[in-house]
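S.K.: Dumping the structure here so I can ask a few things about it.
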Amino acid sequence: MKILVLNCGSSSIKFQFFDMDGEKVLAKGLVEKIGLNGSCLKLEKKSGEKVVFEGEILDHKVGIEYVLGVLTSKKHGCISNLNDIKAVGHRVVHGGERFNESVVIDSEVIAQMEKCIDLAPLHNPPNLKGIEAISELIPDMTQVAVFDTAFHQTMPKHAYMYGIPSSLYKKYGIRRYGFHGTSHRYVSQRACDILGIECKKSKIITCHLGNGASVAAIKNGQSVDTSMGFTPLEGLLMGTRSGDLDVGVVTYLMEKEKLGSETASTLFNKHSGLLGVTGISSDFRDIGEKAAEGNELAQIALEMYAYRVKKYIGSYTAAMNGCDVLVFTGGIGENADHARKDICEDLNWLGFEVDEQKNDGLRAEEAIISSDGAKVKIMVIPTNEELMIARDTQLLMGD
Ligand code: ADP
């Protein structure tokens, strides 16, 4: 069965095309700068060959036409006919409280997704555009929605409620939802597969450390807490997001600097985090380089980064009354050996001990990096959200 996975952002469409027989990636790529100058489709073929198609890609529908065009192209394609695509799986950012698992998309699902736009005004509309474009371009195609929030719907009330008037939860749905659910689900299940343990009898902490970053506590296969909240702003220090912050800072700055809500949101979402602290870059590698050259703010940012993750690991160990496995994933978690070491330093009292020989230089490959005999297995597992979406889609096709 061949499945197309789409991740539609505001001006981009990431795609991967899978042959689920052996879970092989037949093609993948990115449509970027939709509606802007310089729009193009970048294709990476199964052979590894990369091809760029430039063109005027005015909207998501045209972008998806390009994707379908390259998949079926004689020269660069991998199928002769659109009928070879059996289903399309979409990454959808927010499923609110309505969706606790992936679903086949129908008009009722679309109506519910539209209701969630209020909760994710930047993300859900392009996701919906992608779904609409497929319905128009390949009518009758089965489409599946896989939600970033769904995995965390198992969080108990005491973890997801905020300490504000509960009437606001009822009125606006203000609660913690969590994100990156597909990644946390993938790496936690993969960890169990590799270790040969049962997910249903495990306590796992997963650290998805990319530009956006979150930690999840997964007990017996279910998310019981996660660091992102009502929006992806809560929790860890990120590339450009502040993470946890005293709300008093927000109201104080809004008053002192005469900030409107949009400017304040931009300050904490786009100009904070590693970028804001250092004034250098949001990219972890850049910060690492500057810190090595002796830049003090870069050194502080790295310390803040590791300290936040460490505190979440400690609190989630408490929340689950223990931890069997700690997983690092995302661009930083998979590649930055020094960050993994700093995060786990002085956590040995809780049973977290990194073996430096196993950790040093390890990049983007599955491995166990804890010391032999340590209480907690520490692992590096490259995430694969697209594969998870393809698997959910296949499952919902009844295959
Ligand atoms: P996104 O959230 O956009 O998917 P990624 O998961 O790709 O982000 O992570 C991007 C982050 O990973 C960047 O901060 C980047 O600097 C960091 N990163 C990637 N490779 C390395 C590396 N070799 N060493 C340190 N950090 C890395």
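S.K.: Where in the chain are the helices, taken as whole DSSP H runs, whose Cα atoms extend 15 angstrom or more along the long axis and whose Kyte-Doolittle mean reaches at least -1.0?
M.R.: Counting only whole DSSP H runs, the qualifying helices are 60-71, 124-137, 181-195, 296-320, 385-396.
S.K.: Moving to a separate point now. I need the phi-derived Karplus couplings for the range 238-245: 6.51 cos²θ - 1.76 cosθ + 1.60, θ = phi - 60°, integer Hz, Gly and Pro marked x.
M.R.: With coefficients 6.51, -1.76 and 1.60, one gets 10, x, 10, 9, 5, x, 3, 7 Hz.
S.K.: For the cross-link pairs Lys200/Lys310; Lys311/Lys341; Lys14/Lys50; Lys290/Lys358; Lys129/Lys171; Lys115/Lys170, which exceed 18 Å when the distance is taken from alpha carbon to alpha carbon?
M.R.: Correct reply: Lys200/Lys310; Lys290/Lys358; Lys129/Lys171.
S.K.: Taking just the C-alpha trace of the range 87-134, give me its Rg and Dmax in Å.
M.R.: In Å, with Rg to one decimal and Dmax whole: 9.8, 28.
S.K.: Among Gly181, Gly333, Gly373, whose mean-square fluctuation peaks in a Gaussian network model of the chain (Cα, cutoff 10 Å)?
M.R.: With Cα springs under 10 Å in the chain, the top fluctuation among Gly181, Gly333, Gly373 is at Gly373.
S.K.: Under 10 °C and 1.306 mPa s, how fast does the range 250-399 diffuse according to Stokes-Einstein, given a Kirkwood radius computed over C-alpha pairs? Answer in µm²/s, whole number. Walk me through the intermediate numbers first.
M.R.: Details: Rh = 17.8 Å.
Rounded, D is 89 µm²/s.
S.K.: Given the options Ser282, Ser223, Ser188, state which has the largest fluctuation in a GNM of the chain using a 10 Å cut-off (strictly under) for Cα springs.
M.R.: Evaluated over the chain, the most mobile residue of the options is Ser282.
S.K.: Which distance in Å, rounded to a whole number, links the C-alpha centroids of the range 17-44 and the range 86-106?
M.R.: Between the Cα centre of the range 17-44 and that of the range 86-106, the gap is 20 Å.
S.K.: Regarding the range 66-213, what whole-number volume in Å³ per residue does the convex hull of its Cα atoms give?
M.R.: 165 Å³
S.K.: Which whole-number percent of Cα pairs in the chain have a distance greater than 30 Å?
M.R.: Here the tail beyond 30 Å accounts for 44 percent of pairs.
S.K.: If each residue's Cβ is checked for other Cβ atoms within 10 Å, how do Ile105, Ile79, Ile205 rank with the fewest at the top?
M.R.: Ranked by crowding around the Cβ, least crowded first: Ile79, Ile105, Ile205.
S.K.: Also, I was wondering about something else. Would you mind telling me the antiparallel percentage of the DSSP bridges in the chain, rounded to 5?
M.R.: That works out to approximately 65 percent antiparallel.
S.K.: If I build a Gaussian network model for the chain, linking alpha-carbon pairs within less than 10 angstrom, which residue out of Ala292, Ala191, Ala216 has the largest mean-square fluctuation?
M.R.: Ala292
Every number here is computed from the coordinates shown, using simple stated rules; none is lab data. Just so you know, these numbers come straight off a predicted model, no measurement behind them. FYI the Cβ positions are ideal-geometry reconstructions off the backbone, even for glycines, and counts take in every protein chain you see.
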